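Chemist: Here it is: the structure, laid out below.
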Amino acid sequence: MIFVLQKKVFMKTKTFILCLFVCVASFAGNAQQKGRVRDYGITIGVLPTGGHNAITDVPGVKVGHCTLINGTDIRTGVTAVLPHSGNIFQSKVPAACFVGNGFGKLAGTTQIAELGNIESPIILTNTMSVAAGLAGCIDYVLSFPENDRVVSVNGVVGETNDSGLNDIRARIVTPEHVMAAIRSATDGPVAEGNVGAGTGTVAFGFKGGIGTASRVLPASLGGYTVGVLVQSNFGGILEVNGAPVGVELGRYSYKNQIENADGSIMIIVATDAPLESRNLERLAKRAFMGLAKTGGIASNGSGDYMIAFSTDPALRVPHSTSGSVQTQTVLRNDDVSPLFLAAIEATEEAILNSLFAAETMSGMNGTTVQALPIDKTLEIVKKYGKIYGPVSITPVW
């Protein structure tokens with residue numbers, strides 16, 4: 001992860017921006033200090049998590065952040081998800097998109113729908129910085145020597161609107177920031193909350209941000225891993241493991257909640273299961289169900305987008321090949337249901353992790369967005385009997 005602390009220095013009539021890049025391990029950010037939802041005894045679903053309970057539990061997947069904080073008005077950043085660490089353009093991965101509500105901007109979707117693959121990192125940033133995200137994504141692809149003759153790049157860039165805390169019209173994000181996020185990407189634990197593209201986001205009226213989670217199927221069902229990363233910035237009536245936290249906190253009447261539920265969420269789903277584009281789209285649809293379990297309502301003004309991809313090396317799509325036929329081995333329709341459950345559970349938990357990890361933040365025009373009150377939330381969850389450890393029964397698979 002890269003934090004970019006920016007300070008304005010005035011010299012004569014020109015304003016200079018000095019960027020201090022502080023490179024740290026993905027798990028070392030302050031966003032992790034509050035703990036994740038499982039740290040408080042709340043277990044979401046029945047499937048076990050991966051080792052890091054993160055999208056990076058899927059082999060090959062890496063995540064990097066570039067966090068931009070400047071004065072009182074800049075609260076934004078970039079998050080990059082890499083399907084693998086090689087030349088993605090030359091070795092594309094099968095992928096699909098699903099749109100829950102289309103009030104947003106997700107660049108690159110038509111080519112994904114047409115060809116069923118992704119050829120670049122997935123970049124997340126703010127609404128007004130999609131162009132910078134594309135430019136940085138293209139710069140990265142063109143940086144590979146073997147891409148020296150490439151004249152068309154389908155960069156994938158998603159966004160949410162962080163204008164409540166961030167001076168979004170300043171368009172502070174640059175292609176260099178995008179490259180910094182990509183270059184800092186690592187496997188292992190992922191920083192959550194107020195980092196990268198989640199720096200200035202708001203969810204359910206509380207501070208939102210980046211969240212992640214994963215699920216691993218038992219060996220009898222293939223042993224596949226499903227990982228999810230979210231950029232939460234949306235509305236609804238918050239539920240935590242089925243407990244009506246939003247209602248109990250009393251902050252939102254029905255009228256208030258519906259009228260102020262606009263926002264967006266980006267959901268990235270990764271798996272090592274051998275899924276082609278068609279079944280990846282079905283997997284992405286199930287992530288939308290995980291969003292609904294947290295109380296999200298996909299309001300009129302919300303951009304709710306899901307991207308799913310497979311990292312199975314056997315399904316890679318070479319940019320150029322001497323043969324005209326490609327043979328693939330993919331999972332049967334009858335065997336994808338456990339992956340659907342994994343995507344639902346991991347999405348629900350990733351969203352909750354984004355809230356539990358986020359810190360109170362002040363920003364544009366003196367606006368302050370409070371973090372989710374953890375103590376009160378836990379009282380409510382306990383009241384409804386929704387705090388319990390890992391499921392102790394042995395499922396019959």
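The values are calculated or read from the model by the stated rules, or taken from the named source; none is laboratory data. Since the model is a prediction, treat every value here as computed from it, not as a measurement. When we count neighbours, we look across all protein chains shown, and the Cβ atoms used for this are built from the backbone with ideal geometry, even at glycine. Remember, those area values only see protein heavy atoms, side chains included, never the ligands or the DNA or RNA. Shrake-Rupley method; radii C 1.70, N 1.55, O 1.52, S 1.80 Å.
Chemist: Could you list, in sequence order, the residues of the stretch 321-336 that are among the hydrophobic types (A, V, I, L, M, F, W, C) and within 14 Å of G222 (Cβ to Cβ)? Give the derivation first.
Modeler: Narrowing the stretch 321-336 to residues among the hydrophobic types (A, V, I, L, M, F, W, C): 325, 330-331, 336.
Residues satisfying the conditions are V330, L331, V336.
Chemist: How about the stretch 145-165: which of its residues are among the polar types (S, T, N, Q) and either within 14 Å of R75 (Cα to Cα) or assigned to a loop (DSSP other than H, G, I, E, B) (or both)? It would help to see each step written out before you state the result.
Modeler: At the first step, the residues of the stretch 145-165 found to be among the polar types (S, T, N, Q) are 147, 152, 154, 160-161, 163.
Of everything in the stretch 145-165, those that are among the polar types (S, T, N, Q) and either within 14 Å of R75 (Cα to Cα) or assigned to a loop (DSSP other than H, G, I, E, B) (or both) turn out to be S152, N154, T160, N161, S163.
Chemist: Which of the residues spanning the stretch 329-338 are surrounded by fewer than 12 Cβ atoms within 10 Å (Cβ to Cβ) and either modelled with pLDDT under 95 or among the β-branched types (V, I, T) (or both)?
Modeler: Selection gives T329 alone.
Chemist: Across the stretch 117-142, what is the number of residues that are within 12 Å of S277 (Cβ to Cβ) and open to solvent by 10 Å² or more (accessible area, probe 1.4 Å)?
Modeler: Keep residues of the stretch 117-142 that are within 12 Å of S277 (Cβ to Cβ), which gives 117-118.
Retained after the next criterion (residues that are open to solvent by 10 Å² or more (accessible area, probe 1.4 Å)): 117.
Selection size over the stretch 117-142: 1.
Chemist: Consider R278 carefully, then state whether it is within 20 Å of the chain's Cα centre (by Cα) and either open to solvent by less than 40 Å² (accessible area, probe 1.4 Å) or at pLDDT 95 or above (or both).
Modeler: Values: within 20 Å of the chain's Cα centre (by Cα): no; either open to solvent by less than 40 Å² (accessible area, probe 1.4 Å) or at pLDDT 95 or above (or both): yes.
No.
Chemist: Here is a further query. Determine which single condition V61 fails, assuming it passes every other condition in (1) open to solvent by 10 Å² or more (accessible area, probe 1.4 Å); (2) under 22 Å from A343 (Cβ atoms); (3) in contact with a helix residue (DSSP H, G or I) (Cβ under 6 Å, 6 or more places away or on another chain); (4) of a type in the set (A, V, I, L, M).
Modeler: Against the list (1) open to solvent by 10 Å² or more (accessible area, probe 1.4 Å); (2) under 22 Å from A343 (Cβ atoms); (3) in contact with a helix residue (DSSP H, G or I) (Cβ under 6 Å, 6 or more places away or on another chain); (4) of a type in the set (A, V, I, L, M), V61 comes up short only on (1).
Chemist: Is there a residue in the stretch 301-321 that is more than 25 Å from K62 (Cα to Cα) and open to solvent by less than 60 Å² (accessible area, probe 1.4 Å)?
Modeler: Checked against the condition, which is being more than 25 Å from K62 (Cα to Cα) and open to solvent by less than 60 Å² (accessible area, probe 1.4 Å), the stretch 301-321 yields at least one hit.
Chemist: Spot the failing condition for A95; the list is (1) surrounded by fewer than 24 Cβ atoms within 10 Å (Cβ to Cβ); (2) in contact with a helix residue (DSSP H, G or I) (Cβ under 6 Å, 6 or more places away or on another chain); (3) not basic (K, R), and only one is missed.
Modeler: Only one criterion in (1) surrounded by fewer than 24 Cβ atoms within 10 Å (Cβ to Cβ); (2) in contact with a helix residue (DSSP H, G or I) (Cβ under 6 Å, 6 or more places away or on another chain); (3) not basic (K, R) is unmet by A95, namely (1).
Listed here are the residues, each with its yes/no results for (1) open to solvent by 10 Å² or more (accessible area, probe 1.4 Å); (2) touching a strand residue (DSSP E or B) at 6+ places or on another chain (Cβ under 8 Å).
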{"position": "N194", "(1), (2)": "yes, yes"}
{"position": "G198", "(1), (2)": "no, yes"}
{"position": "F206", "(1), (2)": "no, yes"}
{"position": "S214", "(1), (2)": "no, yes"}
{"position": "P218", "(1), (2)": "yes, no"}
{"position": "G222", "(1), (2)": "yes, no"}
{"position": "G227", "(1), (2)": "no, yes"}
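Chemist: I172 versus (1) in contact (Cβ under 8 Å) with a residue 60 or more places away in the chain; (2) in a loop (DSSP other than H, G, I, E, B); (3) within 20 Å of the chain's Cα centre (by Cα): which is the lone unmet condition?
Modeler: (3)
Chemist: Now for a separate question. Name the single residue that is nearest to F204 (Cα to Cα) among those in the stretch 383-397 being at pLDDT 65 or above, under 28 Å from the mean Cα position of the chain (by Cα) and open to solvent by 60 Å² or more (accessible area, probe 1.4 Å). Explain how you work it out, then say what you get.
Modeler: Of the stretch 383-397, the ones at pLDDT 65 or above are 383-388.
Checking the rest, the ones that are also under 28 Å from the mean Cα position of the chain (by Cα) come to 386-388.
Next cut, open to solvent by 60 Å² or more (accessible area, probe 1.4 Å) only: 386, 388.
Details: K386: 20, Y388: 24 Å.
Result: K386.
Chemist: Further question on the same structure: Being outside any strand (DSSP E or B) and either at negative phi or touching a helix residue (DSSP H, G or I) at 6+ places or on another chain (Cβ under 8 Å) (or both): is that true of S214 here? Let's see the steps before the verdict.
Modeler: On the way: outside any strand (DSSP E or B): no; either at negative phi or touching a helix residue (DSSP H, G or I) at 6+ places or on another chain (Cβ under 8 Å) (or both): yes.
The answer is no for S214.
Chemist: Considering every residue within the stretch 154-174, establish whether at least one is touching an Asp or Glu at 6+ places or on another chain (Cβ under 8 Å), of a type outside the set (S, T, Y), surrounded by fewer than 18 Cβ atoms within 10 Å (Cβ to Cβ) and modelled with pLDDT of 95 or more. If you could, list the steps in order and put the result at the bottom.
Modeler: Restricting attention to the stretch 154-174, the residues satisfying the condition of being touching an Asp or Glu at 6+ places or on another chain (Cβ under 8 Å) are 154, 166-168, 170.
In the following step, the residues that additionally are of a type outside the set (S, T, Y) were identified as 154, 166-168, 170.
With the extra rule that they be surrounded by fewer than 18 Cβ atoms within 10 Å (Cβ to Cβ), the set shrinks to 170.
Now restrict to residues that are modelled with pLDDT of 95 or more: 170.
Looking through the stretch 154-174, at least one residue is touching an Asp or Glu at 6+ places or on another chain (Cβ under 8 Å), of a type outside the set (S, T, Y), surrounded by fewer than 18 Cβ atoms within 10 Å (Cβ to Cβ) and modelled with pLDDT of 95 or more.
Chemist: Out of L291, L341, I need the residue that is open to solvent by 60 Å² or more (accessible area, probe 1.4 Å) and not in a loop (DSSP other than H, G, I, E, B). Which one? Walk me through it before giving the result.
Modeler: Numbers: L291 fails: open to solvent by 60 Å² or more (accessible area, probe 1.4 Å).
Among L291, L341, only L341 is open to solvent by 60 Å² or more (accessible area, probe 1.4 Å) and not in a loop (DSSP other than H, G, I, E, B).
Chemist: Looking only at strands (runs of 3 or more DSSP E) that lie completely in the stretch 8-126, which have at least 3 residues being at pLDDT 95 or above?
Modeler: Values: elements: 14-23, 62-70, 74-82, 91-102, 122-126.
So the answer is 62-70, 74-82, 91-102, 122-126.
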